[in-house]
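Visitor: Take a look at this one; I'll ask things after.
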Amino acid sequence: MAVRGDGKETKNRLLEAACQVFSEKGYHDATVAEICRRAGANVASVNYHFGDKAHLYIEAWKYAFSQYPGPEEPDPSKPPQERLRDYIHSIVRFFMDQGPHGRFVRLYLMELLNPTGLVQDLWHQLVKPKRGILLGIIRELMGKEEVDKEVIFCELSVVAQCRILITVRRWDLEYILGEPLSQDLMARWADHITWFSLAGILAVSEGDVSPEC
């Protein structure tokens, strides 16, 4: 059955409001009543379009990701060192976005702090293509034909350096760094992560260090 234009508009308003409320309060503290109030809709519209709060949460994740689907794929014509740098810069920008495009990161952080178990499979589906880009770059840097545990260990090390931006409070980072988190500082940080990671990846690939030590 075709969805009327006004029904589609209501659904989009509910998704926008759901992204806001879930990213601010997390799933458990968010209420359907608050989401409906912000969307200018009634509770019956949530039941009609999504069924219940849990399905609304899942659809909000999909919607937020579709609006700003994470780090960009680097130019494949560039050498792997430059592609790693471009990808890390993209991750840092993604994690630092404080505007509407950053809602997916905030949704993820709320899920990290208070897991619901509702979006685990969805998260794997969404992140798999992005993981594939980084794994491919690292595999190429290490001269490997396939992705193995060494490649995955290096991937986790790169991502962990970037994830500090969402797992440590902004004002704590500014205290540690001794200055505000400006765009220039974040670019320098991304460069540091790149060179640090390249040195580590090279050391692992040449056998200078072992992930099992």
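Visitor: Restricting to the stretch 143-167, and then to whatever is of a type in the set (Lys, Arg) and surrounded by 12 or more Cβ atoms within 10 Å (Cβ to Cβ), can you tell me which residue is farthest from Leu198 (Cα to Cα)?
Guide: Checking each candidate, the answer is Arg163.
Visitor: Could you list all residues from the stretch 170-213 that are under 30 Å from Met142 (Cβ atoms), among the hydroxyl-bearing types (Ser, Thr, Tyr) and either part of a loop (DSSP other than H, G, I, E, B) or modelled with pLDDT of 95 or more (or both)?
Guide: The answer is Thr194, Ser197, Ser210.
Visitor: Ok, one more. Just one of the numbered conditions (1) assigned by TED's automatic domain parsing to the domain that holds Val21; (2) in contact (Cβ under 8 Å) with a residue 60 or more places away in the chain is not true of Arg103; which one?
Guide: (1)
Visitor: Let me ask you something else. Just the residues that are surrounded by fewer than 20 Cβ atoms within 10 Å (Cβ to Cβ) and among the small types (Gly, Ala, Ser), please, taken from the stretch 42-95.
Guide: Passing the criteria: Ala44, Ser45, Gly51, Ala54, Ser66, Gly70, Ser77, Ser90.
Visitor: State whether the residues of the stretch 123-142 include one that is outside any helix (DSSP H, G or I), surrounded by 12 or more Cβ atoms within 10 Å (Cβ to Cβ) and either of a type outside the set (Gly, Ala, Ser) or in contact with a Phe, Trp or Tyr (Cβ under 6 Å, 6 or more places away or on another chain) (or both).
Guide: no
Visitor: Count, please, the residues in the stretch 146-162 that happen to be closer than 14 Å to Gly132 by Cα, free of Cβ contacts under 8 Å to residues at least 12 places away in the same chain and not in a loop (DSSP other than H, G, I, E, B).
Guide: 1
Visitor: Say whether the condition of being part of a loop (DSSP other than H, G, I, E, B) and either touching a residue at least 12 places away in the same chain (Cβ under 8 Å) or hydrophobic (A, V, I, L, M, F, W, C) (or both) is met by at least one residue in the stretch 5-28.
Guide: No, because not a single residue in the stretch 5-28 is part of a loop (DSSP other than H, G, I, E, B) and either touching a residue at least 12 places away in the same chain (Cβ under 8 Å) or hydrophobic (A, V, I, L, M, F, W, C) (or both).
Visitor: Something else: Residues of the stretch 15-41 being buried (at least 17 other Cβ atoms within 10 Å of the Cβ) and within 22 Å of the chain's Cα centre (by Cα), which ones?
Guide: Across the stretch 15-41, the qualifying residues are Leu15, Glu16, Ala17, Ala18, Cys19, Gln20, Val21, Phe22, Ser23, Gly26, Tyr27, Ala30.
Visitor: Also: Conditions first: (1) in a helix (DSSP H, G or I); (2) under 20 Å from Lys11 (Cβ atoms). Leu118 passes all but one, so which condition is the exception?
Guide: With respect to (1) in a helix (DSSP H, G or I); (2) under 20 Å from Lys11 (Cβ atoms), Leu118 is out only on (1).
The values are calculated or read from the model by the stated rules, or taken from the named source; none is laboratory data. Treat the numbers as computed from the prediction; the structure is a model and nothing was measured. Every residue, glycine as well, gets a Cβ built from its backbone with ideal geometry; the counts of neighbours run over all protein chains shown.
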